[in-house]
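Notes to accompany the following structure.
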Amino acid sequence: MAFLEAVPNFSTANEKVLAAIVEAAGQEVKVLSAEVSSGAGRAVITLAGAPDAMLTALFDMAKVAKNQIDMCKYAGVHPAIGALDVCPLVPLKGLTMAEAVKWSHILGERLGSELKVPVFLYENSAQKPERRQLENIRRGGYAHLKEKLARPEWQPDYGPATFLPSYGATVLGARLPLIAFNVNLATKEVKIAKEIARRIRSSGDGKRPGRLKYVKAIGWYIADFDKVQVSMNITDFTKTSILEAFLSVKEEAQKLGSEVTGSELIGLAPQAALPAEWIPLLGLNELKPFDKQKKIIENVLNFD
C-alpha cells in the first residue's frame, strides 16, 4: 500500500476551529499530530494515509477552514497568506515524488474549481521556477495578496485570480520531509534572534549567504512560552542536520552575548533526522515534555 503524508498549516490558534478541522479529516487517514500556537497564530496538523483518502480529507479540512477562519482578523507572527496557508505533500512508503506531484495537481484543481480559492503550486509541483520557493509566493504577505493576484505573472495555478478577504490563498505542493525546528534563547530581545537568523539561513542577509545551506530562518517572540526563538525550516536534513542547526544558533547567540536554553520540534520528524542520543543535547523537553513515541514518524505510523 502506498502512503502519502500531508502537513497542512492553518492560520488559526482557535482550539475549537482546530478540532473541527481535525474532525473533518475523517476516519480513512491517520492524524499523527495536531499542534496549535497562539503566538504564531498557526495550527499544524500531520496526517498519513492512502493518497485518494488523503485528498478527500484535505479537501474537507480546507472547506472547514474556508468557513471558520477569517484572514481579515489574522494577528499571528507566522508569515501567512491564507486560511489553509500551506499544504505540503510528502511521499512515504510505496510512493514516488512524481506520484506525489500528480496528487498535488488533483487536489489543487479541486480546491480551485469547487471551493473557488486561489491555489499556488510550490516545491516539486511548481510550474514556474520562481514559485518553487515558498517565501517567493508569500513575499509581501496577506496585506499585498490582492495586488499580487492582479499581476499577470502571479495568476494562481488553480482557482480564480480573485482576492477573497476572509480566505486569502493556499500554497500546495509535493516536497521532501521538512524539519520545523525552533531554538529558544535566553533573551527577550527579538532583534538578537533576527540577527542570528540572518547569519545562519542560506539566504543570509540578502547580500551574502548565511552559514547553513538548506535552512530558512526568522526570529520572533512567542507569547505562549514567553520565549524569543530562532524559527527554522530545515529543507534537507541529510545535508544540514538538526544538531548542526542547533549548534550554529548556539554559537551565534554566544557571539551576541546570549545563550540557548532549549529547542522545540514542530510536527514530526523521521527517525533518521533525530537520533535518540540527540534529544537531551537539544533540550527538547524545555517547553513541554518530548515524547519520541509521538514525535518520530516511524514510531507513530504503522506501515503494515
Problem - For the chain, with +1 on Lys and Arg beta carbons and -1 on Asp and Glu, the positive-most of Gly49, Gly206, Ala169 along the dipole - result: Gly206
Exercise for the section: Determine the distance separating the Cα centre of the stretch 156-171 from the Cα centre of the stretch 244-304; give it in Å without decimals. Expected result: 35 Å
Exercise for the section: Using per-residue counts of other Cβ atoms within 10 Å, averaged over each peptide, order 103-115, 249-261 from highest down. Expected result: 103-115, 249-261
Fill in the blank from the handout: Taking 0.36 nm per residue of separation between Lys73 and Glu277 and subtracting their Cα-Cα distance, the length gained on full extension comes to 69.2 nm
Problem - In nm, spacing of pseudo-spin labels at Ala186 and Lys292 (7 Å Cα→C-beta vector) - result: 2.7 nm
Handout entry: Extent along principal axes [Cα atoms of the stretch 167-304; Å; largest to smallest]
Key = 49, 35, 32
Problem - Built amide H within the under 5 Å cut-off of Ser33, gap 5+ - result: Thr46
Handout entry: Label point distance in nm, Lys213-Ala143, each placed 7 Å from Cα along Cα→Cβ
Key = 3.5 nm
Handout entry: Distance in nm between pseudo-label sites at Gln133 and Gln155 (7 Å out along the Cβ direction from Cα)
Key = 2.5 nm
Completion exercise
In nanometres, the difference between 0.36 nm per residue of separation and the alpha-carbon distance of Lys116 and Asp205 is 28.3 nm
Exercise for the section: Would you kindly state how much longer the chain becomes between Asp52 and Thr261 on full extension, computed as 0.36 nm times their sequence separation minus their alpha carbon distance, in nm to one decimal? Expected result: 71.0 nm
Exercise for the section: Compute the Rg to Rh ratio over the stretch 97-189 from the alpha carbon atoms, using the Kirkwood formula for Rh, and round to two decimal places. Expected result: 1.05
Handout entry: Debye intensity ratio in log₁₀ form over the Cα atoms of the stretch 4-174, taken at each q of 0.17 Å⁻¹
Key = -0.98
Practice task
Could you pull the Cα extents of the stretch 59-116 along its three principal axes, largest to smallest, in whole Å?
Solution key: 40, 27, 14
Problem - Coarse-grained scattering of the chain at q = 0.07, 0.14, 0.15 Å⁻¹, given as base-10 log I(q)/I(0) from a Debye sum over alpha-carbon atoms - result: -0.25, -1.08, -1.25
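FYI, it's all coordinate maths here, none of it is from the lab. Note that the structure is predicted; figures quoted are calculated from it, not measured. When we count neighbours, we look across all protein chains shown, and the Cβ atoms used for this are built from the backbone with ideal geometry, even at glycine.
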